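To start, the structure itself, in structure tokens.
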Amino acid sequence: MNSKKHKSISYAKWGYAFIAPFFIVYTLCSLVPLFMTFYNSFFENYMDGLKQIGPNFVGLDNYISLFTVSNNGTIDILVYTSNTIIMWLMGAIPQIVFALLLAVIFTSARMRIKGQQFFKTVIYMPNLIMASAFSMLFFTLFSNVGPINQIIQAMGGEVFMFFNNEWSARTIIAFINFLMWFGNTTILLMAGIMGIDQSLFEAASIDGANSRQVFFKITLPLLMPIIVYVLITALIGGLQMFDVPQIISAGLGTPNRTTMTLVMYLNRFIGTSKNYGMAGAVSLVLFVITGLLSIIVFKSLIPSDKKKKKGGK
């Protein structure tokens, strides 16, 4: 009898074929531009009027220039980094706390809130509105002749220039970011809570644990990976804050550059001067700051294996 040879089918190659488009697009649209940004940061390359200067290799001169005291008497990139982090914290901390509170309420088996789908839709809707529309709305509300100042005047007060005060301008920007993103954060945290084994809550209820004990002993520890994910993604988005402060301050970072962010500073080099060398240097500094802060958040909130072993003992 002639033995029939069966040709085996290799499914692995089809797997590679299906994932190949992602890696091709990622390489062309993300990885190559990233390396080009790093490469260009070592060159002098900008427009002086109608004259093109460069590209000329200048080594670390762009980075040295970034950390040199400017005509304002400050190291601008450090000032703008602190502005960005402060405004992010002002919006992110209330966002996480409020979103966590809503997520616990909506997923509570004891409260059994009706119409959850409606509330989920309502709290997520601000995330669908463009940041520019939100910014223009709040700029109109808090302008010198806007409704808020009209109410203040009707109550016998004086006109308050919200956008000429450092902390009121920062608070408005932080509040807009909070309003836009707390719904998205709430949905993520709700998904994390619903992923926790419900038998743990039932066992805690049988043992007589109150709501506070259940939250701090069960919900919060098991939800920590999701909270870390939300914090890191919020941090990355916060450090790239641009559209809201750009519109609120008309791109000037008023008052006194206190609302100028890192990406607004970066945009100055890409605008009229087309200074790609300095823009590349700022981009790389932003990348390093984002990476370092993300590592700090991760390491501080996720316990290491050594700590777990000690805790277990």
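The values are calculated or read from the model by the stated rules, or taken from the named source; none is laboratory data. In this text, all values refer to a predicted model and were calculated from it rather than measured experimentally. With ideal geometry, Cβ positions are generated from the backbone for all residues, glycine too; neighbour counts draw on all protein chains shown.
Listed here are the residues, each with its yes/no results for (1) surrounded by 15 or more Cβ atoms within 10 Å (Cβ to Cβ); (2) at positive phi; (3) in contact with a strand residue (DSSP E or B) (Cβ under 9 Å, 6 or more places away or on another chain).
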{"site": "TRP181", "(1), (2), (3)": "yes, no, no"}
{"site": "LEU189", "(1), (2), (3)": "yes, no, no"}
{"site": "ILE193", "(1), (2), (3)": "yes, no, no"}
{"site": "ALA203", "(1), (2), (3)": "no, no, no"}
{"site": "GLY208", "(1), (2), (3)": "no, yes, no"}
{"site": "VAL214", "(1), (2), (3)": "yes, no, no"}
{"site": "THR219", "(1), (2), (3)": "yes, no, no"}
{"site": "LEU223", "(1), (2), (3)": "yes, no, no"}
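Where residues in the stretch 258-284 are assigned to a loop (DSSP other than H, G, I, E, B) and within 21 Å of the chain's Cα centre (by Cα), which of them is nearest to PHE43 (Cα to Cα)? So that I can check it myself, show each step before the final result.
Of all residues in the stretch 258-284, those assigned to a loop (DSSP other than H, G, I, E, B) come to 258-261, 271-275.
So of that shortlist, the ones also within 21 Å of the chain's Cα centre (by Cα) come out as 258-261.
Values: THR258: 30, THR259: 29, MET260: 25, THR261: 24 Å.
Among residues in the stretch 258-284 that are assigned to a loop (DSSP other than H, G, I, E, B) and within 21 Å of the chain's Cα centre (by Cα), the one nearest to PHE43 (Cα to Cα) is THR261.
Which residue pairs have Cβ atoms under 9 Å apart, sit 6 or more places apart or on different chains, and have a first residue in the stretch 22-35 that is within 20 Å of GLY280 (Cβ to Cβ) and a second that is not aliphatic (A, V, I, L, M)? What qualifies is LEU34/SER283; LEU34/PHE287.
Quick check on my filter: what residues within the stretch 181-229 are charged (D, E, K, R) and part of a helix (DSSP H, G or I)? Spell out how you get there, then give the answer.
Of the stretch 181-229, the ones charged (D, E, K, R) are 197, 202, 207, 212, 217.
GLU202, ARG212, LYS217 - these are the residues of the stretch 181-229 that are charged (D, E, K, R) and part of a helix (DSSP H, G or I).
Filter the stretch 69-95 down to residues that are buried (at least 18 other Cβ atoms within 10 Å of the Cβ) and either among the polar types (S, T, N, Q) or under 30 Å from GLN198 (Cα atoms) (or both), then give me how many there are. Residues flagged as buried (at least 18 other Cβ atoms within 10 Å of the Cβ) and either among the polar types (S, T, N, Q) or under 30 Å from GLN198 (Cα atoms) (or both) within the stretch 69-95 amount to 5. Consider the stretch 40-55 and keep the residues that are modelled with pLDDT of 90 or more and not charged (D, E, K, R). The one that is surrounded by the most Cβ atoms within 10 Å (Cβ to Cβ) is SER41.
Within the stretch 150-171, the set of residues being touching a Ser or Thr at 6+ places or on another chain (Cβ under 9 Å) and aliphatic (A, V, I, L, M) comprises MET161, ALA169.
Would you check if GLY59 is assigned to a loop (DSSP other than H, G, I, E, B), at pLDDT 90 or above and either on the phi < 0 side of the Ramachandran plot or small (Gly, Ala, Ser) (or both)?
Working: assigned to a loop (DSSP other than H, G, I, E, B): yes; at pLDDT 90 or above: yes; either on the phi < 0 side of the Ramachandran plot or small (Gly, Ala, Ser) (or both): yes.
Spelling it out, GLY59 is indeed assigned to a loop (DSSP other than H, G, I, E, B), at pLDDT 90 or above and either on the phi < 0 side of the Ramachandran plot or small (Gly, Ala, Ser) (or both).
Residue count for the stretch 62-97 satisfying the condition of being free of Cβ contacts under 8 Å to residues at least 60 places away in the same chain, in a helix (DSSP H, G or I) and of a type in the set (Val, Ile, Thr): 3.
Do you know which residues across the stretch 121-144 are surrounded by 14 or more Cβ atoms within 10 Å (Cβ to Cβ), of a type outside the set (Gly, Ala, Ser), free of Cβ contacts under 8 Å to residues at least 60 places away in the same chain and farther than 18 Å from GLN95 by Cα? Explain how you work it out, then say what you get.
Filtering the stretch 121-144 down to residues surrounded by 14 or more Cβ atoms within 10 Å (Cβ to Cβ) leaves 123-124, 126-127, 131, 134-135, 138-139, 142-143.
Of the ones still in play, those that are also of a type outside the set (Gly, Ala, Ser) are 123-124, 126-127, 134, 138-139, 142.
Next, from what is left, pick out any that are free of Cβ contacts under 8 Å to residues at least 60 places away in the same chain: 126-127, 142.
Listed by number, the list holds a single entry, PHE142.
Total residues in the stretch 121-150 satisfying the condition of being polar (S, T, N, Q), within 18 Å of the chain's Cα centre (by Cα) and more than 11 Å from ILE172 (Cβ to Cβ): the figure is 2. Being in a helix (DSSP H, G or I) and within 16 Å of THR185 (Cα to Cα): is that true of LEU100 here? So LEU100 fits the description; yes.
Every condition in (1) within 30 Å of THR258 (Cα to Cα); (2) surrounded by 10 or more Cβ atoms within 10 Å (Cβ to Cβ) holds for PHE23 except the one numbered (1). For the stretch 103-120, which residues satisfy the criterion of being assigned to a helix (DSSP H, G or I), exposed (fewer than 12 other Cβ atoms within 10 Å of the Cβ) and of a type outside the set (Phe, Trp, Tyr)? Within the stretch 103-120, GLN117 is the sole residue that qualifies.
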